[in-house]
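Chemist: Shown below is the structure under consideration.
The values are calculated or read from the model by the stated rules, or taken from the named source; none is laboratory data. These numbers come from a predicted model, not from an experiment. Here Cβ is always computed from backbone atoms with ideal geometry, including for glycine, and neighbour counts include all displayed protein chains.
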Amino acid sequence: MSRKINVLQVGLGFIGGRYKEILDDRIDKYSIKRLESAETPLVDTPSNELITLSQLPKKIHSLVVFAYSDKRKENFEILENVFSLATKLSVESIVYIGTTAIFEIKNGLTNELSSHLTYREFYADTKLKIRNVLKKKILLFDGSVIVLHPTIVFGPGGNWSRTVRDSVKCGTVLLPKGGSGLCNPIHVDDVCQAVDLAVMRPPGLKFSEYIISSGITVPWRKIYEWAQCLEIGGDVKIGRISNCDHAHLFNSRWIKNVVYHFLYSRLGAFLGRIIKRATYKKTISPKKGLVQEYQSSNVYEPTGVYRLLHMKKQIFSIELAKDELNFNPKFSSEDGIMESLRD
């Protein structure tokens, strides 16, 4: 067997944490939890020892970036530190985890050449700006940059799995257009597989990006109904799934829909960031879960761009990833994907 290559990953959230857990005979994985701090980070080795950056093996093949911060400025600090570290370690490639949220939400086929989202939703807008910075920085980097854009990622500990499962335990779930819009799911393990394929890919283009999905589409209503079935039979009370009659893009109430339109505009997004920064508290209380306790009066419905996402019959193409990365998802059936909702 050929010698293993060394990979240094940055970020240990949902996808990054799972990537670290999955063993691969071809790869030794070193990991850093955070890289935006001014302090010298400690590195976790494949044998679960803590070392400094200076103690890393002489040859690190790739840097894989899972890290994301809710504070926009920190994301660009992470990028600066990643490229600085990549240059210092002479890595051959940087693999960055993006998102299909950067693409316009529309009916029909979406591929890597499709137009980008014009609404200034914070997460998607931040990821898009990061992607654009990556394209500029590659000009001064000796290696290559590969950006992977996962669709809706399901799996144990994932936000989407938790949101869908918790919503059916909340009370009534209102789905726009009866939940007929299409979800493009992918299992977290397939995202990790795509990362390994990107790492192992022979040198090629300086910058490349790929949409990563399961290759199947499932109506959103079916996903919520599956989560509902998983909870039936226990002591947990389950709400019903109903159609939201209002056709507004971002919220069923027209006034909130107007507010969303403003917040997603250039001016609204700018003012929103200023207000958020001015009211930011250094000590933040833990976020409350979606569901505290079932009540028949509770109503959950997707809002903002997530509502728009639930309404559209969008299909994300993975043909480029198949052709250039040899990506073939292991979880490529409805049952396989739905089982990941068990958490």
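Rundown of residues vs (1) assigned to a strand (DSSP E or B); (2) among the hydrophobic types (A, V, I, L, M, F, W, C); (3) crowded, with 19+ Cβ neighbours inside 10 Å, yes/no style:
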{"residue": "131", "(1), (2), (3)": "no, no, yes"}
{"residue": "136", "(1), (2), (3)": "no, no, no"}
{"residue": "146", "(1), (2), (3)": "yes, yes, yes"}
{"residue": "157", "(1), (2), (3)": "no, no, no"}
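Chemist: Moving on to the next point. Would it be correct to say that residue 180 is more than 26 Å from residue 307 (Cα to Cα), of a type outside the set (Lys, Arg) and in contact with a Pro (Cβ under 7 Å, 6 or more places away or on another chain)?
Modeler: No: the conditions fail for residue 180.
Yes/no per residue for (1) among the polar types (S, T, N, Q); (2) at pLDDT below 85:
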{"residue": "243", "(1), (2)": "yes, no"}
{"residue": "247", "(1), (2)": "no, yes"}
{"residue": "275", "(1), (2)": "no, yes"}
{"residue": "297", "(1), (2)": "yes, yes"}
{"residue": "321", "(1), (2)": "no, no"}
{"residue": "325", "(1), (2)": "no, no"}
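Chemist: Could you please let me know if residue 118 is under 24 Å from residue 264 (Cα atoms) and surrounded by 20 or more Cβ atoms within 10 Å (Cβ to Cβ)?
Modeler: It is false that residue 118 is under 24 Å from residue 264 (Cα atoms) and surrounded by 20 or more Cβ atoms within 10 Å (Cβ to Cβ).
Chemist: I've got another one for you. Please specify each residue of the range 137-195 satisfying the condition of being of a type in the set (Gly, Ala, Ser), touching a helix residue (DSSP H, G or I) at 6+ places or on another chain (Cβ under 9 Å) and more than 22 Å from residue 108 (Cα to Cα).
Modeler: As a first pass, look at the range 137-195 and keep what is of a type in the set (Gly, Ala, Ser): 143-144, 155, 157-158, 161, 167, 171, 178-181, 194.
Next, only the ones that are touching a helix residue (DSSP H, G or I) at 6+ places or on another chain (Cβ under 9 Å) stay: 143-144, 155, 157-158, 161, 167, 178-181, 194.
143, 144, 155, 157, 158, 161, 167, 194, listed by residue number.
Chemist: Also, quick follow-up: Kindly indicate which of 32, 22, 51 is of a type in the set (A, V, I, L, M) and under 19 Å from residue 189 (Cα atoms).
Modeler: Just one listed residue meets the conditions, 22.
Chemist: Does residue 30 qualify as being in contact with a Lys or Arg (Cβ under 9 Å, 6 or more places away or on another chain), at pLDDT 90 or above and closer than 24 Å to residue 202 by Cα?
Modeler: The answer is no for residue 30.
Chemist: For residue 119, indicate whether it is among the aromatic types (Phe, Trp, Tyr) and over 17 Å from the mean Cα position of the chain (by Cα).
Modeler: Yes; evaluated as a whole, the condition is true for this residue.
Chemist: Being under 23 Å from the mean Cα position of the chain (by Cα) and surrounded by fewer than 20 Cβ atoms within 10 Å (Cβ to Cβ) narrows it down to one of 166, 142, so name that one.
Modeler: Values: 142 fails: under 23 Å from the mean Cα position of the chain (by Cα).
Matching residue, one of 166, 142: 166.
Chemist: So how many residues does the range 104-124 have that are in contact (Cβ under 8 Å) with a residue 40 or more places away in the chain and in contact with a strand residue (DSSP E or B) (Cβ under 8 Å, 6 or more places away or on another chain)?
Modeler: Just the residues of the range 104-124 that are in contact (Cβ under 8 Å) with a residue 40 or more places away in the chain, to begin with: 105-112, 117, 119-122, 124.
Imposing the further condition that a residue be in contact with a strand residue (DSSP E or B) (Cβ under 8 Å, 6 or more places away or on another chain) reduces the set to 105-112, 117.
Total meeting the criteria: 9.
Chemist: Please give the helices (runs of 4 or more DSSP H) falling wholly within the range 159-269 in which 1 or more residues are touching a residue at least 40 places away in the same chain (Cβ under 8 Å), under 30 Å from residue 28 (Cα atoms) and among the charged types (D, E, K, R).
Modeler: Output list reads 188-200.
Chemist: Which strands (runs of 3 or more DSSP E) does the range 39-101 wholly contain that include 1 or more residues that are free of Cβ contacts under 8 Å to residues at least 60 places away in the same chain and surrounded by fewer than 19 Cβ atoms within 10 Å (Cβ to Cβ)? Steps first, please.
Modeler: Working: elements: 42-44, 50-52, 62-65, 93-97.
Fully inside the range 39-101 and qualifying: 42-44, 50-52.
Chemist: Which residue is surrounded by the fewest Cβ atoms within 10 Å (Cβ to Cβ), if the candidates are limited to the range 196-206 and must be touching a helix residue (DSSP H, G or I) at 6+ places or on another chain (Cβ under 8 Å) and at pLDDT 95 or above?
Modeler: 197
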